[in-house]
Amino acid sequence: MSQQSRLDRRTFLRRAGLTALAGTVGTTTPLPALTTGGAQPRGTPYDFDTIYDRVGTHSSKWDAQIARYGREHIDVGMGTADQDFPIAPQITRALRDRIAHENYGYMTLPESYLESIVEWNRRRYRLEIDPETILHASGVHPGIISTLRAFCPPGSKVLLQTPSYNGFYTDIRIVGVVAEESPLKLVNGRYGMDFEDLERRIDHDTHALILCNPQNPTGNVWSRSDLTTLGEICTRRRVVVLADEIHCDFVTRGHTYTPYATLDDEAIVRNSITYKSVSKSFNLSAMKCAYLFSTNPDYLARIRGAGQHQQSMNTLGVIAAQTAYNECEDWLDQLIAYIDGTHQLVESMVRSTVRNVGFVKPEGTYLAWLDVSDALDRIGAEDTAAASEQTTPETVLQRYLVEHANIHINPGSSYGLGGSGHMRMNIATSRQLVELALGNMAAALARA
Ligand SMILES: Cc1ncc(COP(=O)(O)O)c(C=O)c1O
C-alpha cells in the first residue's frame, strides 16, 4: 500500500480529537447541553477522498485481517460493513464537550435523544414515530435477539429471504431457533421476492420473518408494493415482521426507501417491529446505540418481558447519535452522493477492467455484490473447495484474492441460499482505495 499515507499513533489521536483534552479536563467541568456540537455551515465540503488510515485501531475490517493474513496481504480491507471515513466533525466536538465532564454513571434515556430520532425520521422519511414506542438497544442485534426470544419458541422457524445478512444466522443460532430460507429470484441482475415460495414455507412452526431493507448483501431497496404483499402474507399467516432498516440512509440515485412503518394498512404495520441505528449512516457502530419501535404495544411489552430486552445505554453513543441526527444531515447527504459516485466507478471499472466479474449498481447500501461465477471457474475454486469440508468455492476465492490481490472481501456463501457465485465488497472507503482494489483484482484474475 505504498501510496497510502500511513498515520502514526499521535496523528491518529489528534484526528480523533483526543490529545486536545490534555490539561483541559477537571472534576468540576459542568456537563454541556446535549445538543452542543458546533454548527458547520450547510454546503461546507467534506473530504471523503483522502485516505484515512485505520490500521492499528483494532478495526475488524483492517486489523483483524492483517492479524490473520499478514500486513503484506492487506492493501484494502473491504469486508466488515463500516466506513473508512472520519466521522462528521460535529460529532467529535460534541463528544469532546461531553468527556470534559469526567463522570459516566448510569444515565436515563434523554428525551432530547428520542426527539432527535422522531425528528430525523419525520423530516427525511415522513415516518411518524411516537417517542413512547421507542426502545433503546445497544445494537440492532440485541434488539433482534430479544424479539426472537419473545416470539419464537425454541426450535421454531424464522424466515429469511436469501442471500441475507450473515449476522441474522448468528442471532437465530443464539436464540435456538432455525432459519427457514426463501431464496430471492434473480432476474436480469435484479433480485425479487418470491412470494409463492415464501408463503409455502410458512407453517404452524413459523412465527417471525426478518426483513432487510435496503437489503444486505444484494443492495435491493424494496418497493411499497413488495412490502405490502409481504406484509399481507405475514399478517394473514401470523408471522411477525422484524424490519431491519439499518441501511436505510444509503439509497442510490433514482431509488426511494419506504419505511415498513409507513405502509398504508395499519394492521400490517401493527404486525411489525422496526430496527434502526446511526451506526451505518454515521460510522458509529462501536458506539453501540440503536433503537426499535412498533405501533403495537403488546409486541413491545413482549420484547421487554419474554424477550428480556435490556435498554443498556452508552453515554458517548447517545451523544454521538443525537448529534448525528440533529447536526450532521449535510455530511450524510454529501457522503450518500460520494457513495453513489463510487458505485458508478465500480460499475465502469468492472465493465472495462475486471475480467470475469459482473456487477449491477445496487439500489442502496454501500455494498457491492459481485457476480464472480467466471472467476471461480478460472481459479478452479470448485475443485479446491471439494477437497475440504470447511471451504466453499467463494472462501477459496476470498483467500486467492488475499494472496494475489491483497484485498479482503466477503464470500457470498456466508449469506445463505443464493449467495454462491458472489462476493460482497464494502466500498465505503476512499475512491483511491476502491480503484487500487479493483486494479489488483483485475491483475490477479488475469494471471489466474
Ligand atoms: C442488516 C444489518 N443489520 C444489523 C447489523 C449490525 O447492527 P448492530 O451493529 O447495530 O448490531 C448489520 C451490520 O452489518 C447489518 O448489515
Can you tell me which residue in segment 122-146 is surrounded by the fewest Cβ atoms within 10 Å (Cβ to Cβ), limited to those that are among the polar types (S, T, N, Q) and under 21 Å from V240 (Cβ atoms)?
-> T133
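Do we have any residue at all in segment 78-98 that's among the polar types (S, T, N, Q), within 16 Å of the ligand (Cβ to nearest atom) and not assigned by TED's automatic domain parsing to the domain that holds E245? Reasoning before the result, please.
Looking only at segment 78-98, we keep the residues that are among the polar types (S, T, N, Q), and these are 80, 83, 90, 92.
Going one step further and asking which of them are within 16 Å of the ligand (Cβ to nearest atom), we end up with 80, 83.
Filter once more, so that each one left must be not assigned by TED's automatic domain parsing to the domain that holds E245: 80, 83.
Yes, segment 78-98 contains at least one residue that is among the polar types (S, T, N, Q), within 16 Å of the ligand (Cβ to nearest atom) and not assigned by TED's automatic domain parsing to the domain that holds E245.
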Is there a residue being crowded, with 19+ Cβ neighbours inside 10 Å and in contact with a Gly (Cβ under 6 Å, 6 or more places away or on another chain) anywhere in segment 341-352?
-> no
Any pair with Cβ under 9 angstrom, 6 or more apart, that starts in segment 86-114 at a residue that is touching a residue at least 40 places away in the same chain (Cβ under 8 Å) and ends at one that is basic (K, R) = P86/R15; T92/R15
Could you grab the pairs with beta carbons closer than 7 Å, sequence gap of 6+ or different chains, first residue in segment 206-217 and outside the structural domain of A179 (by TED's automatic domain parsing), second one crowded, with 24+ Cβ neighbours inside 10 Å?
-> none
Taking I319, is it in the same structural domain as I129 (by TED's automatic domain parsing), farther than 29 Å from P41 by Cα and crowded, with 22+ Cβ neighbours inside 10 Å?
-> no
Restricting attention to segment 132-161, the residues that are within 13 Å of the ligand (Cβ to nearest atom), out of contact with any Lys or Arg (no Cβ under 7 Å at 6 or more places or on another chain) and not in a helix (DSSP H, G or I) number exactly 4
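Please state which one of D264, D298 is of a type in the set (D, E), within 30 Å of T235 (Cβ to Cβ) and part of a loop (DSSP other than H, G, I, E, B).
On the way: D298 fails: part of a loop (DSSP other than H, G, I, E, B).
That would be D264, the only listed residue that is of a type in the set (D, E), within 30 Å of T235 (Cβ to Cβ) and part of a loop (DSSP other than H, G, I, E, B).
Among the residues that make up segment 114-131, is at least one of them within 16 Å of the ligand (Cβ to nearest atom) and more than 20 Å from the chain's Cα centre (by Cα)? It would help to see each step written out before you state the result.
First, the residues of segment 114-131 that are within 16 Å of the ligand (Cβ to nearest atom): 117.
Going one step further and asking which of them are more than 20 Å from the chain's Cα centre (by Cα), we end up with none.
No, segment 114-131 contains no residue that is within 16 Å of the ligand (Cβ to nearest atom) and more than 20 Å from the chain's Cα centre (by Cα).
The values are calculated or read from the model by the stated rules, or taken from the named source; none is laboratory data. Since the structure is predicted, the reported quantities are computational estimates derived from the model, not experimental observations. Note that each Cβ is placed from the backbone with ideal geometry, even for glycine, and that neighbours are counted across all protein chains shown.
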